[in-house]
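Heads up, the thing below is written out as structure tokens.
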Amino acid sequence: MSPLNSNSFTNATIVRPEFFFISGFSGIPHANYYYVFLCFVYALSLLGNSFVMFMIYTVNCLHRPKYIVVFNLALSDLCGSTALVPQMIDTLLFKSHLISYKACFTSMFFVFWFLSVQSFTLTALSYDRFVAICFPLRYNEIVTNKSMLVITAILWIFAGLAVLIGVIFISGVSFCKSTVINSFFCDHGAVLLLACEENPPSAVMNWTHPVTILWLPVLFITGTYICIARALFKISETSERLKAMKTCTSHLILVGVFYLPICITYAMGSAIQLNTWIVNMSLTTVLPPMLNPIIYSLKTEEFTESIKKLYRRNKIRFVVRNK
């Protein structure tokens with residue numbers, strides 16, 4: 001059977017491959033150790049994010065706007081890792097390099113959807129910190145559980161629609177240059193390089209998506225922290241200023257871990273070597289979901305105290321039952 005099928009679509013012939021071949025690394029010895037490392041990172045991500053979601057759901061004092069967003073971040077981290085890592089391990093570790101046309105675009109949609117939600121959720125957290133520090137007296141009035149639930153729902157819907165439009169555009173392109181995707185998953189940019197046309201309409205989505213998903217959120221977060229810095233300088237007491245700054249440290253670490261590697265990699269573009277690009281992008285997509293729960297568990301005093309209280313409560317119950 002020929003690897004390419006021709007289908008009629010809006011009076012034009014679209015050439016669609018039956019399968020794509022995901023190349024992965026090229027010429028790297030002992031790459032299997034790296035894949036095993038990714039499995040370990042994925043397992044920690046599952047445990048960590050599930051624990052964060054469990055704590056926020058069960059502890060009443062964490063039923064607040066900020067932790068609605070943290071729960072949302074943990075959920076998107078969990079879903080994002082699950083959408084990417086198992087498929088990647090099956091493809092590269094177990095040598096199942098072939099992926100069907102429909103499965104490729106389905107995978108593309110979910111990977112970029114959850115990645116977009118992670119980015120927008122960090123933006124929502126910066127909004128929460130901005131209101132808390134710049135408008136402390138009106139915080140409870142502006143940022144409520146209801147408003148945060150609405151914001152997070154809009155983030156999921158907007159991210160899903162933006163990614164869906166991109167996937168629909170690229171699925172309407174003919175592929176005749178090759179069926180080999182030079183990446184570790186069905187990456188939009190790598191798949192677009194296989195298109196017959198030099199500049200298909202979906203090429204526009206290839207640069208608008210990074211702007212929407214990465215650069216605009218980074219610009220918004222930078223703007224909020226400029227406002228936060230100005231508000232902090234107006235606080236006369238040093239202890240109060242440090243206390244306010246401390247509430248931002250966890251979020252700033254999350255922002256640095258998520259945005260810096262991926263923005264640097266995107267900025268370098270084609271100048272970066274393929275194997276280096278795969279390592280950078282795979283680590284960028286799997287390490288933040290593992291680190292986010294650790295950062296919030298260790299850096300957020302409220303969360304740490306909630307863990308201690310839950311532990312003491314369960315310990316007391318255990319002692320009482322065994323008397």
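The values are calculated or read from the model by the stated rules, or taken from the named source; none is laboratory data. Remember, predicted model here, so these are calculated numbers, not experimental data. All Cβ positions, glycine included, derive from the backbone under ideal geometry; neighbour counts span all protein chains shown. Just the protein is used for accessible areas: all its heavy atoms, side chains included, with ligands, DNA and RNA removed. Shrake-Rupley method; radii C 1.70, N 1.55, O 1.52, S 1.80 Å.
Of note:
- Scan of the range 85-100 for residues that are surrounded by 16 or more Cβ atoms within 10 Å (Cβ to Cβ) and either free of Cβ contacts under 8 Å to residues at least 60 places away in the same chain or not in a helix (DSSP H, G or I) (or both), ordered by number: ILE89, LEU93, HIS97, ILE99
- Being closer than 18 Å to VAL111 by Cα, part of a helix (DSSP H, G or I), among the hydrophobic types (A, V, I, L, M, F, W, C) and open to solvent by less than 50 Å² (accessible area, probe 1.4 Å) is a condition met by at least one residue of the range 64-76.
- Taking the range 236-251 as the range and being open to solvent by 90 Å² or more (accessible area, probe 1.4 Å), over 27 Å from PRO288 (Cβ atoms) and not charged (D, E, K, R) as the test, only SER236 passes.
- Filter result for THR212 (among the hydroxyl-bearing types (Ser, Thr, Tyr), open to solvent by less than 50 Å² (accessible area, probe 1.4 Å), under 29 Å from GLN273 (Cβ atoms) and out of contact with any Leu (no Cβ under 8 Å at 6 or more places or on another chain)): yes
- Conditions (1) modelled with pLDDT under 90; (2) open to solvent by less than 40 Å² (accessible area, probe 1.4 Å): number failed by ASN199: (2)
- Residue within the range 270-283 that is surrounded by fewer than 19 Cβ atoms within 10 Å (Cβ to Cβ) and more than 20 Å from MET88 (Cβ to Cβ) present: yes
- Residue satisfying all of: in the range 215-235; under 19 Å from the mean Cα position of the chain (by Cα) and among the aliphatic types (A, V, I, L, M); surrounded by the fewest Cβ atoms within 10 Å (Cβ to Cβ) among these: LEU219
- Within the range 254-280, the residues that satisfy the criterion of being over 13 Å from the mean Cα position of the chain (by Cα), in contact (Cβ under 8 Å) with a residue 60 or more places away in the chain and closer than 24 Å to LEU46 by Cβ are ILE278, VAL279.
- Where LEU283 falls short, out of the listed (1) over 20 Å from the mean Cα position of the chain (by Cα); (2) free of Cβ contacts under 8 Å to residues at least 60 places away in the same chain: (1)
- Test: residue in the range 21-29 that is of a type in the set (A, V, I, L, M, F, W, C) and modelled with pLDDT under 85: yes
- Selection status of ILE56, β-branched (Val, Ile, Thr), buried (at least 19 other Cβ atoms within 10 Å of the Cβ) and out of contact with any Asp or Glu (no Cβ under 9 Å at 6 or more places or on another chain): yes
- Residue-level analysis places PRO288 among those that are at pLDDT 85 or above, under 25 Å from THR121 (Cβ atoms) and crowded, with 17+ Cβ neighbours inside 10 Å.
- If you go through the range 101-114 and keep only what is in contact (Cβ under 8 Å) with a residue 12 or more places away in the chain and either among the charged types (D, E, K, R) or open to solvent by less than 10 Å² (accessible area, probe 1.4 Å) (or both), you end up with CYS104, MET108.
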